[in-house]
């Protein structure tokens, strides 16, 4: 089969959608399929060519938070229709998937994958939320198949639209556990002497709640904030102001590879204070490394944690402070969930199984 993915920020760079496509697309290539990935040209070092067997096709767009992905999706769809002919066109995310009707009209099978309820994201103003609510309708109504990464979104689509969707979650690779080498040299970090946050630095991830709660603690355990995001300079400046030069709060920027493996391998515990998620890849990855995890009590985080971690009241700095303090003072509570969390995630969220699920879905749709 020939499968086209529309549209990503870049490859290899970006966030959860880019990670998802990289893991699934590369496995489908190994299984003998042809995979095309359409990306935005201005992200990182993204360029036309091949990556892990996938053909990367870039498109131009405007460099604005509100329009870049919509325009890129439209141009990628047109480019695909005029230059390629895939068996499956797979659109990522409600909103940018609004152009899914174009390949369907021409007889191509179309899949739209939801990665969260887009209009609820905090970065959108009233106009953006209304636009995404409107564009959600064709994204749900028009494709042959809708897939979702969480049970929460599956219930939402059923209740709001009466639309059945296919649940295929995000996944993890087997962890690459590393001793604290690079992180010791670069940041002075030792095993167990820091709390870790690792995700995009956007408001919906709730890092401002975490810094405010951490600042109330009396501890020598450091706070490492790993991540970055384009178009979020105002929010990042807010985070730096909240940190107020605290030497125990370390901003690493975007990290990947061995450095990221070391951060996951050696933290005391992991925190995800997000207001909104699809199914949080970073949380699943942290659990796969055998980490104790503390997350906000939104349904998607609780779905990922199951009973193998701790939660606090969403957006509540005082409750987050109490839970942070509890875990810092109770090593037994931290240790008690580590092995169970690792075993649970590696059993239930395997990229290999997810790739098999998509391959089966694509075959059924084409046939």
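The values are calculated or read from the model by the stated rules, or taken from the named source; none is laboratory data. Everything numeric in this text was worked out from a predicted model, so none of it was measured. As a convention, Cβ positions derive from the backbone with ideal geometry for all residues, glycine included, and neighbour counts pool all protein chains shown.
A few comments on the model shown:
- Residue within segment 127-145 that is in the same structural domain as residue 68 (by TED's automatic domain parsing), in contact (Cβ under 8 Å) with a residue 12 or more places away in the chain, closer than 30 Å to residue 263 by Cα and in a loop (DSSP other than H, G, I, E, B) present: no
- Cβ-Cβ under 7 Å pairs, at least 6 apart or on other chains, segment 63-77 side at positive phi, far side modelled with pLDDT of 95 or more and part of a helix (DSSP H, G or I): none
- Only helices (runs of 4 or more DSSP H) whose full extent lies in segment 286-367 are considered here, and the ones with at least 2 residues that are closer than 30 Å to residue 3 by Cα are 299-305, 331-348, 351-366.
- Restricting the search to helices (runs of 4 or more DSSP H) fully inside segment 1-116 and requiring at least 1 residues that are out of contact with any strand residue (DSSP E or B) (no Cβ under 6 Å at 6 or more places or on another chain) and farther than 27 Å from residue 356 by Cα gives 68-83, 101-105.
- Test: residue in segment 250-261 that is surrounded by 24 or more Cβ atoms within 10 Å (Cβ to Cβ) and more than 16 Å from the chain's Cα centre (by Cα): no
- Residues of segment 15-24 satisfying the condition of being in contact with a helix residue (DSSP H, G or I) (Cβ under 9 Å, 6 or more places away or on another chain), surrounded by 20 or more Cβ atoms within 10 Å (Cβ to Cβ) and more than 15 Å from residue 350 (Cβ to Cβ): 16
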